[in-house]
Amino acid sequence: MIRVTKEGVILRKTDFDFENESVLNPAIIREGDSLYLFYRAVRKGNYSSIGFCKLDGPLTVKERFDIPIMIPEFEYESHGIEDPRIVKIDDLYYMTYVAYNGTNALGALAISKDLKHFEKQGLIVPEIRINEFTAIVQPMDKVTNKYFTMNVGSGFLMNKDVVFFPRRINNKLYFMHRIKPEIQLVSVNSLQELTKEFWENYFNHFDENIMLKPRYSQELSYIGAGCPPIETNEGWLLIYHGVYGISGKYTYSVRVALLDLEDPRKVIAHLPYQLFKPANDYELSGIVNKVCFPTGTALFGDTLYIYYGAADQCIACASLSLSSLLGELVNVKIQNKKACSIKIKSIQHLTHNVLKIVTEKPPAFDFYPGQAAEISINKNGWENELRPFTFTSLPNENHLEFTIKTYPSHKGVTKQLLKLVENDEFILHEVFGTITYKGEGVFIAGGAGVTPFICIFRYLKSINKIGNNVLIFANRTKADIILQQELKNLLGKNFINILSQDKVLGYAQGRITKQFLKANVSDFSKKFYLCGPESMIDNVEKQLYDLGVNEKSIVKEEF
Ligand SMILES: Cc1cc2nc3c(=O)[nH]c(=O)nc-3n(C[C@H](O)[C@H](O)[C@H](O)COP(=O)(O)OP(=O)(O)OC[C@H]3O[C@@H](n4cnc5c(N)ncnc54)[C@H](O)[C@@H]3O)c2cc1C
């Protein structure tokens, strides 16, 4: 668990014409003890330019310009220049930004030697029509369908969030960009290589250029590069934004991945939960509600400051311990295994909406109790729709078992599961997960969030070490409780149910409150394992802190 401190708002709009609507999404670069902050300044009517201010240390504004440092000059940016990011490579500063001409939003570059004068280099991603992109990429059949459902229309393909790595890697320049829903990566010896032929070749091998895919529940709609990657001994630390929801009601949160230093296409670790998300008023409501959009960082000692646009209306900052974050990422390293197909041996309903699916197990396949894998359905059009599901079988069994709650209204993968029959196939991708057993404690689950705990309890039982572990299981109704009898047999009186909707004799009713925890937990110095929907986890976590639980004692995963 990573403790994040929200430092609050550091910059708001002013009455100056160029920034009288909002200020947001800053590029940050540190020079000595000062931070240079180049931010998106928006004047009424949504016309953006780049404003400038200087900070003394991480949080104190020392100097602020009353005119923009960069304004739109060319047709391709005629409606605004937005969302800058900055790095220093060799002796040059590279500032990327979104050039918006009222219809297309494409990544552009400006270069500076002194942070005062910037020379525009033009667009550095191609202007390609959506139908041309689809015609090249779709027949490859190796990418998610979302590329074709999210990028629709007859205009040009939006290609934003261009962010450079802050040094050459094996003599090459690397930059990320984002065509929804994933982050792609370009590497070139020099920017002159970015010709029409280069991009044709790039799109012809598009699947090989995808760097990071949405993996976890609160980022499943799409992701995009955030801050320039930070070089660490463990790998490149990438702080990016993850988006989830339905159109018009998206939440943008801040997430982290660790990439290989020599080959950033290799993802070493991916934090299964968001680092932080909109929670304060200034993040929850503004020009666009529920947005934390990270674009720059600065390191002071071990404290990493993350600067972000909050609700598209102001600039805020959050801080955390870099060494703790790296420690957490090392714990969730991805085991890179080759994807393989596995036959379904049986499917049955455990509850009205939960399936138990048993499959073959690949030879020499291993995982820890509590871990999950990315699974897709081996059927036309579904092979690239990867979703995380936890193993509920034990590592030493000769089959795999999954316990899966279905959501027909999402029109996603779990709806398709309801149509599967014996001998259909899954594709088993990478294994990962934060929840592993770290000692006796209190397990708190909401709905399908109980799945990692099922595996852990079955494992502990198999080695006769179920001990005094407690499970608090929250569901809406009695009919939603998964494997009630088995959990009762495993845990006896330490199996505690709470129902938010049903009133049933012998079951607690309501939500998990501080009072409920006090009444049911005897020792708050133990480990706490949390897994379930985001809102439940947030709530319980807050109460546990109030009850004196140390953040190091909390292990969690959001479903
Ligand atoms: C590490 C991990 C392990 C997990 N293990 C398990 C497990 O063992 N068992 C289990 O049951 N679950 C598990 N989950 C949760 C599971 O991955 C999700 O429930 C699953 O991905 C849902 O997939 P879906 O395609 O059906 O729906 P989604 O991917 O949630 O939705 C598909 C699309 O529907 C839209 N949508 C989103 N929300 C709504 C809404 N409220 N109404 C309508 N449309 C919506 C979105 O546009 C979305 O792109 C796990 C999650 C994680 C992170």
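The values are calculated or read from the model by the stated rules, or taken from the named source; none is laboratory data. No experiment lies behind these values; they were computed from the predicted model shown. Cβ: placed from backbone, ideal geometry, glycine included. Neighbour counts: every protein chain shown. We work out accessible area using only protein heavy atoms, side chains counted, and drop any ligands, DNA or RNA first. Shrake-Rupley method; radii C 1.70, N 1.55, O 1.52, S 1.80 Å.
Brief remarks on what is shown
- 1.4 Å probe accessible area per residue over segment 250-334, in Å²: 30
- J(HN,Hα) series, segment 129-135, from Karplus relation 6.51 cos²θ - 1.76 cosθ + 1.60, nearest Hz, glycine and proline x: 5, 4, 5, 5, 4, 4, 5
- Helix 534-546 vs. the chain, principal-axis angle (Cα, 0 to 90°, nearest 10): 80
- Model label sites at residue 75 and residue 265, defined 7 Å from Cα along the beta-carbon direction, differ in position by 3.6 nm.
- Here the contact order of the chain, divided by its residue count and restricted to Cα pairs under 8 Å and six or more residues apart, works out to 10 percent.
- Charged neighbours of residue 101, selected by a Cβ distance under 11 Å, balance to -3 (K, R count +1; D, E count -1).
- When the convex hull of its Cα atoms is projected in every direction, mean area for the chain (nm²): 25.8
- Relative contact order %, segment 5-331, counting alpha carbon pairs below 8 Å whose residues are six or more apart: 16
- Nonlocal amide H pairs with residue 212, under 5 Å, H built at 1.01 Å: 183
- Under-5 Å amide H pairs with residue 393, H placed in peptide plane, nonlocal only: 401
- Per residue accessible area of segment 447-544, 1.4 Å probe, in Å²: 48
- Phi to ³J(HN,Hα) by Karplus 6.51 cos²θ - 1.76 cosθ + 1.60 over segment 304-310, Hz, x for Gly, Pro: 9, 9, 10, 9, 8, x, 10
- Segment 390-455 and segment 122-137: distance between their alpha carbon centers, rounded to Å: 38
- Mean Cβ count within 10 Å, highest first, over the residues of peptides 45-51, 318-324: 45-51, 318-324
- Peptides 92-100, 514-522 ranked from most to least packed, by the mean per-residue count of other Cβ atoms within 10 Å: 92-100, 514-522.
- Sorted largest first, the principal axis extents computed over the alpha-carbon atoms of segment 340-432 equal 35, 28, 24 Å.
- Its Kirkwood hydrodynamic radius, worked out from the mean inverse distance over all distinct Cα pairs, puts segment 157-254 at 14.5 Å.
- Sulfur and carbon atoms: percent of accessible area, segment 338-473 [1.4 Å]: 48
- Degrees between helix 451-462 axis and first principal axis of the chain (Cα, 0 to 90, nearest 10): 40
- Semi-axis lengths, largest first, of the ellipsoid equivalent to segment 422-559 are 23, 19, 16 Å, with √(5λ) applied to each eigenvalue of the Cα gyration tensor.
- For segment 340-432, the solvent-accessible area works out to 44 Å² per residue, with a probe of 1.4 Å and every protein chain left in place.
- If you sort the three axes of the alpha carbon gyration tensor as a ≥ b ≥ c, you get a/c under 1.5 for segment 5-331, which makes it rounded.
- Straight-line reach from residue 361: taking Cα to Cα under 18 Å and skipping same-chain neighbours fewer than 8 places apart, the lysines in range are 337, 338, 343, 345.
- Note, ³J(HN,Hα) from phi for segment 237-249, Karplus 6.51, -1.76, 1.60, rounded to Hz, x at Gly and Pro: 8, 10, 9, 9, 9, x, 10, 9, x, 10, 3, x, 9
- When a 1.4 Å probe is rolled over the protein heavy atoms, the share of accessible surface on segment 5-331 that falls to carbon and sulfur comes to 47 percent.
- On the principal axes of its alpha-carbon atoms, segment 223-275 has extents of 39, 19, 16 Å, going from largest to smallest.
- Angle of helix 322-331 to the longest C-alpha principal axis of the chain, folded into 0 to 90 degrees and rounded to 10: 50°.
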